[in-house]
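Presented below is the structure to which this report refers.
Just so you know, all these numbers are worked out from the coordinates, no wet-lab data involved. What you are looking at is a predicted structure, and each value in this text was computed from that prediction instead of being measured. Neighbour counts run over all protein chains shown; Cβ positions are idealised from the backbone, glycine included.
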Amino acid sequence: MAVQNLQSVPAELSPEELEAAAQRDADGQANFDRVMAEDSRIEPRDWMPADYRKSLLRQISQHAHSEIIGMQPEANWISRAPSLKRKAILMAKVQDEAGHGLYLYSAAETLGQSRDEMMDALIAGKARYSSIFNYPARTWADMGAIGWLVDGAAICNQVPLCRASYGPYGRAMVRVCKEESFHQRQGFEILLELANGTAEQKQMAQDAVNRWYAPALMMFGPPDDDSPNSRESMAWNIKRFSNDELRSRFVGMMVEQVRVLGLTLPDSEIRFNEDTKKWEHGPLDWNEFKEVLAGRGPCNAQRLERRREAHDDGAWVRESAAAYAAKQVNKQKEYAA
Ligand code: 3HC
């Protein structure tokens with residue numbers, strides 16, 4: 001019997017130990033296959049294939065980084081919010097995003113990588129985060145467009161992830177999605193107010209929608225025939241729908257909501273295909289998407305630079321927290337002795 005999964009194989013093995021490790025892998029794989037067939041959940045201490053672990057760690061850590069980097073375009077507007085009420089709401093939203101990052105880093109840590117390692121990869125520019133956060137937020141109306149379109153796309157993509165086969169990820173997504181619903185409504189409400197304001201305010205809202213529409217559609221990832229991870233991710237019940245499927249659903253949602261706003265989507269090719277029963281949209285610039293992923297989007301350098309500064313500025317907090325934790329451990333040891 002071949003040992004397939006390094007997680008259960010110690011460095012030096014006798015033939016008997018090798019046989020036992022291979023048996024553990026075979027039993028683990030059988031349990032994993034049963035869980036997948038039953039559409040049930042894998043938990044951190046369960047055996048899982050090394051590729052499943054790797055793919056989850058990839059997706060969840062990227063997702064966590066997106067939440068943290070995603071604080072920047074909006075944080076930039078806190079001090080310029082048009083009223084105290086708007087400032088308080090925006091601050092709460094940005095803090096929620098930090099919380100989402102924390103749940104997700106915690107979920108990723110259960111797969112065996114430390115938060116420090118993940119953060120180091122982000123700061124070194126080696127980790128991905130969502131393309132959308134590499135675009136600038138130019139006006140107050142962008143707070144509306146980000147909430148409505150970006151958080152709207154996030155909800156559309158993330159509600160199915162509440163059923164992801166990995167327990168800690170699925171559970172984290174439940175709370176994240178509840179908060180994202182509030183975020184989307186606050187964005188919609190900002191746009192609604194501007195759209196019903198002066199002609200200049202309405203134009204500002206329309207401009208913001210025009211700028212964020214295509215990048216929001218690209219958040220769902222590359223087209224299905226160019227999505228290397230989808231097949232396995234769907235077989236493992238992590239992703240439930242393909243990138244194009246979710247993008248099409250999102251367009252259908254937005255078409256209805258934009259009418260209520262009294263604005264338009266900058267896409268004359270949107271239509272409902274009666275044969276496929278799917279919403280279709282105009283072409284997207286996938287070269288631009290690739291450029292952004294390669295680090296050459298409008299704000300990639302600025303976002304990473306700001307994250308590095310924030311990390312350095314927070315060094316004293318991490319040091320203090322570590323010193324306090326060490327003190328507590330010592331106290332407990334003394335108490336136990
Ligand atoms: N931005 C950056 N990279 C992207 C991307 C995007 N919008 N879409 C895809 N990619 C990357 C993938 O990570 C993958 O790269 P990798 O192999 O080096 O990891 C590559 O492009 C190919 O894409 P695939 O379609 O094969 O990748 P996936 O199957 O993982 O699908 C995904 C991509 C749909 C983004 C999926 O990973 C996913 O659902 N992730 C969880 C949700 C998430 O991370 N959302 C980010 C937005 S954060 C957010 O919404 C915050 C809120 O406050 C707004």
Which of the DSSP-defined H helices in the chain satisfy a minimum axial length of 27 Å, computed from C-alpha atoms, and a minimum mean Kyte-Doolittle hydropathy of -0.5? 84-109, 167-195
Which of Ala216, Ala199, Ala154 fluctuates most in a GNM of the chain (C-alpha springs under 10 Å)? That residue is Ala199
What ranking do 13-24, 248-259 get when scored by the average of other Cβ atoms within 10 Å per residue, highest first? 248-259, 13-24
Potential extension, Leu18-Phe182 segment - 0.36 nm per residue separation minus Cα distance: 53.8 nm
Express in whole angstrom the spacing between the alpha-carbon centres of region 242-257 and region 80-145. 23
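Given a cut-off of 27 Å, name the pairs among Lys54/Lys333; Lys202/Lys239; Lys178/Lys239; Lys202/Lys277; Lys87/Lys126; Lys85/Lys178 whose C-alpha atoms lie farther apart than that in the structure shown.
Result: Lys54/Lys333; Lys202/Lys239; Lys202/Lys277; Lys87/Lys126 exceed 27 Å.
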Karplus-derived 3J(HN,Hα) from phi for region 129-138 (6.51 cos²θ - 1.76 cosθ + 1.60, θ = phi - 60°), whole Hz, x at Gly and Pro, runs 9, 4, 3, 4, 7, 9, 10, x, 9, 8
Which of Tyr129, Tyr324, Tyr103 fluctuates most in a GNM of the chain (C-alpha springs under 10 Å)? That residue is Tyr324
Can you give the FRET efficiency for Ala336 and Arg231, using 1/(1 + (r/R0)^6), R0 = 51 Å, r = Cβ-Cβ distance, to the nearest 0.05? 0.50
I need Val35, Val150, Val317 ordered by Cβ neighbour count within 10 Å, fewest first. Val317, Val35, Val150
The local net charge around Pro160, scoring Lys/Arg +1 and Asp/Glu -1 for residues other than Pro160 whose Cβ lies under 12 Å from its Cβ, equals +3
Going highest first, how would you order 38-45, 106-113, 279-286 by mean Cβ packing within 10 Å? 106-113, 279-286, 38-45
Ala310 to Ser268: extension gain in nm, 0.36 nm per residue of separation minus the Cα-Cα distance? 11.0 nm
